[in-house]
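Shown next, in structure tokens, is the structure this report addresses.
The values are calculated or read from the model by the stated rules, or taken from the named source; none is laboratory data. For clarity, every value in this text was computed on a predicted model and none was experimentally measured. Please note: Cβ atoms are built from the backbone with ideal geometry, for glycine as well, and neighbour counts cover all protein chains shown. Please note that ligands, DNA and RNA were not included when accessible areas were found on the heavy atoms of the full protein model with its side chains. Shrake-Rupley method; radii C 1.70, N 1.55, O 1.52, S 1.80 Å.
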Amino acid sequence: GAPLNPRLGRVDLKMFTEARVSWIVLFLLTVSAALHQRTTYGSVSGPMWLMVAAHGLYTHTIMRGEEGIPVTWDIFYEKWGWMLIFWNLAGVPFTYCYQSIYLASRPPFEHSRGYTAAVAALLVASYVVWDTANSQRCYFRMQREGTFRKRLGLYLPWLPGRVLRNPEFIQTERGPQLLVSGWWGLARKINYTGDIGMALAWGLACGFQSLIPYFYFVFFLAMIVHRAHRDNQRCAAKYKADWDRYTARVPHVFIPGLI
């Protein structure tokens, strides 16, 4: 069967493919697309610069926040089978780059300043929610275990709110603590909301002439909603009455007050 955390010597194969391969290759493909556009058409368009910034920021954050990856769903629960192997080595870099390839395959075009500003604002706002929410959860766990260290320098940007002071939580009978402060007091999967917003911004950067740039958004939305459902079922079975207390305290999953 598929192993949970296979190793080759000291190398965690799942961690290596999850972080060190997929997103770095994606960023390099997007940079290559920008260079192709510059070589072929003599300039790099605004939408292409948006994609370089988007993929660069995402990749940088994965590298900078690598200590948070071991506690994610993929590492903790998904076995290293065909889905993770194929998707990390091929799916992420060679399908998430559809926007960049789409832009590189046609003459450069520009959106209005207002439209570009709106897409950039969506990208930045979604990134802030995604990064700070993931950081709050990760550093909460590290604080409880006494392993937290604040890092600066190459690990910037250090966004305000990434570390919670005196966070509130629900103590479960099983032992783990369920965070109910910061973003996690507003929605149970708000980090997914930020991720979905970024995926939508990637598609919007390419305009509306083709559905191809929206493949990632549609795929990711379907996958993440299904994952949230699976996680809710697992946690309900694991924490029982404590999960009922938690969902009563934080009733919404993705958007506070709505969903």
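Some points to look at:
- For the chain, the tally of Lys pairs with Cα-Cα distances below 24 Å comes to 6, considering only residues 8 or more apart or on different chains.
- Within the listed set S135, S32, S105, the Gaussian network model of the chain (springs between alpha-carbon atoms below 10 Å) gives the highest mean-square fluctuation for S105.
- Across the options A222, Q37, I85, the greatest Cα extent toward the positive end of the charge dipole of the chain (unit charges at beta carbon of Lys, Arg, Asp, Glu) belongs to I85.
- Pairwise label distance in nanometres, N232 with T72, each label 7 Å out on the Cα-Cβ vector: 2.3 nm
- Loop sites in segment 46-121: GluC sites (Glu not before Pro), DSSP, at most 13 other Cβ within 10 Å: E110
- Under the Debye formula (equal points on every Cα, no solvent term), log10 I(q)/I(0) of the chain at q = 0.08, 0.09, 0.12, 0.15 Å⁻¹: -0.35, -0.44, -0.79, -1.20
- At a probe radius of 1.4 angstrom, the accessible area of segment 134-258 per residue rounds to 55 square angstrom.
- Accessible area of segment 1-158 belonging to carbon and sulfur atoms, whole % at 1.4 Å probe: 66 percent
- Loop-located chymotrypsin sites (Phe, Trp or Tyr not before Pro) in segment 169-259 whose Cβ has at most 13 other Cβ within 10 Å (DSSP): F208
- With Cα atoms, 0 to 90° folded angle of helix 190-204 axis to the chain main axis: 10 degrees
- Selection from P167, G257, T247 lying farthest towards where the dipole of the chain points positive, charges on Cβ: P167
- Exposed trypsin sites (Lys or Arg not before Pro) absent - longest run of the chain, DSSP non-H/G/I/E/B, at most 16 other C-beta within 10 Å: 80-148
- Its relative contact order, with pairs defined as Cα atoms under 8 Å and 6+ residues apart, puts segment 154-259 at 33 percent.
- Two-decimal Rg to Rh for segment 9-82 - Kirkwood Rh, Cα set: 1.12
- Segment 183-230 versus segment 109-132: alpha-carbon centroid distance in Å: 14 Å
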